[in-house]
Amino acid sequence: MDELKRLVKSETETINVRINAVRALGAIRYDSPQLKIWETLLNVVKMREEKYSMLRFFALQALGDLGSSEPQVIATLLKVANRDPDSEIKKEATSVLKDLSISDPLAENILIRLFKREKDIELRLRVIEALGDMFSQATADIAPALLKTEIPVPLRKRALYALAQIGGEAELLIILDAAKDPALNLFVQGILEDSNEEALKKVINRRIKLENNQNILQVLENLQSGLEEGF
């Protein structure tokens, strides 16, 4: 372990050797107060020169693999996601925040501002996924802004799944509306079938009698039948 940490820090080693050492530390998926692997990785993430970009990228991945949720780690991840000039580094920092599933109002606020400011679709989607894994109610507030844009179906599915992580009535209504697209019809039905039964019943009762979109109506009728039959 000490040798790997030495290789990561060594300016005399090639970038490739240091990257391999970083990845090896992450693959261990274990840390302790004595080892403090997270500190070694965090120092790499804080590097600024362009030549270290891939080293930083893999250090972020390794932090996610370790599940390091120390306050210093969270603060640095938020700073990188919010301010780093490298868009790929920003995306990876956001993904690590998602993997850590933290619950922090400050983190939520920073991510919401990031979503509203950024134009990069993938970065905005990762923010939604991070908020979904935080069970943030803000997910339902910002997700429609992305879902209303022309984005590929696989990306729409990821946004809908993030909403399903929260699973309240507001989130289920947004998911249901996505069934207007025939390409998402079965996916939406599958997500809703796995949702909270009480919230789902409220959504069905609220929409089934007034719905005029045939794709959505079909999903509602299938869900209602499923509830009656116990899925």
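The values are calculated or read from the model by the stated rules, or taken from the named source; none is laboratory data. These figures come from a predicted structure and were not determined experimentally. Using ideal geometry, Cβ is built from the backbone for each residue, glycine included, and neighbour counts are taken over all protein chains shown.
Of the conditions (1) modelled with pLDDT of 95 or more; (2) surrounded by 20 or more Cβ atoms within 10 Å (Cβ to Cβ); (3) over 17 Å from L97 (Cβ atoms), A140 fails just one. Which one is it?
(1)
Determine which single condition L210 fails, assuming it passes every other condition in (1) crowded, with 20+ Cβ neighbours inside 10 Å; (2) outside any helix (DSSP H, G or I); (3) among the aliphatic types (A, V, I, L, M).
(1)
Could you list, ordered by first residue, the pairs with Cβ atoms under 8 Å in which the first is in segment 180-202 and touching a residue at least 24 places away in the same chain (Cβ under 8 Å) and the second is assigned to a loop (DSSP other than H, G, I, E, B), at least 6 apart or interchain?
Final answer for the pair search is K180/N213; E193/F231; S195/G167; N196/G167; N196/G168; A199/G167; A199/G168.
Filter segment 184-199 down to the residues that are surrounded by 14 or more Cβ atoms within 10 Å (Cβ to Cβ) and either in contact with a Lys or Arg (Cβ under 6 Å, 6 or more places away or on another chain) or closer than 27 Å to P152 by Cβ (or both) and list them by number.
L184, N185, F187, V188, Q189, I191, L192, E193, S195
Considering every residue within segment 130-137, establish whether at least one is free of Cβ contacts under 8 Å to residues at least 60 places away in the same chain, assigned to a helix (DSSP H, G or I), touching a helix residue (DSSP H, G or I) at 6+ places or on another chain (Cβ under 9 Å) and not assigned by TED's automatic domain parsing to the domain that holds K98.
Going residue by residue through segment 130-137, those that are free of Cβ contacts under 8 Å to residues at least 60 places away in the same chain are 130-137.
Among the residues that remain, those that are also assigned to a helix (DSSP H, G or I) are: 130-133.
Still in the running and touching a helix residue (DSSP H, G or I) at 6+ places or on another chain (Cβ under 9 Å): 130-133.
Remaining after also requiring not assigned by TED's automatic domain parsing to the domain that holds K98: none.
Taking every residue of segment 130-137 in turn, none turns out to be free of Cβ contacts under 8 Å to residues at least 60 places away in the same chain, assigned to a helix (DSSP H, G or I), touching a helix residue (DSSP H, G or I) at 6+ places or on another chain (Cβ under 9 Å) and not assigned by TED's automatic domain parsing to the domain that holds K98.
Take segment 3-48 and flag every residue that is assigned to a loop (DSSP other than H, G, I, E, B), among the polar types (S, T, N, Q) and within 25 Å of L78 (Cα to Cα). Don't jump to the end; show me each part of the working.
Residues of segment 3-48 assigned to a loop (DSSP other than H, G, I, E, B): 10-14, 29-36, 46-48.
From the residues that got through so far, the ones that are among the polar types (S, T, N, Q) too are 10, 12, 14, 32, 34.
Passing the criteria: only S32.
Residue by residue through segment 181-215, note down the ones that are aliphatic (A, V, I, L, M) and more than 27 Å from the chain's Cα centre (by Cα). Before you say what the answer is, go through the steps one by one.
Here is the first cut: in segment 181-215, the ones aliphatic (A, V, I, L, M) are 183-184, 186, 188, 191-192, 199-200, 203-204, 208, 210.
Result: I204, I208, L210.
Looking at L55, L41, which is the one that is in contact (Cβ under 8 Å) with a residue 40 or more places away in the chain, farther than 21 Å from L131 by Cβ and buried (at least 16 other Cβ atoms within 10 Å of the Cβ)? Outline the logic, then answer.
Details: L41 fails: in contact (Cβ under 8 Å) with a residue 40 or more places away in the chain.
Unique residue meeting the criteria: L55.
Can you tell me which residues in segment 85-127 are polar (S, T, N, Q) and crowded, with 22+ Cβ neighbours inside 10 Å?
T94, the sole residue that qualifies.
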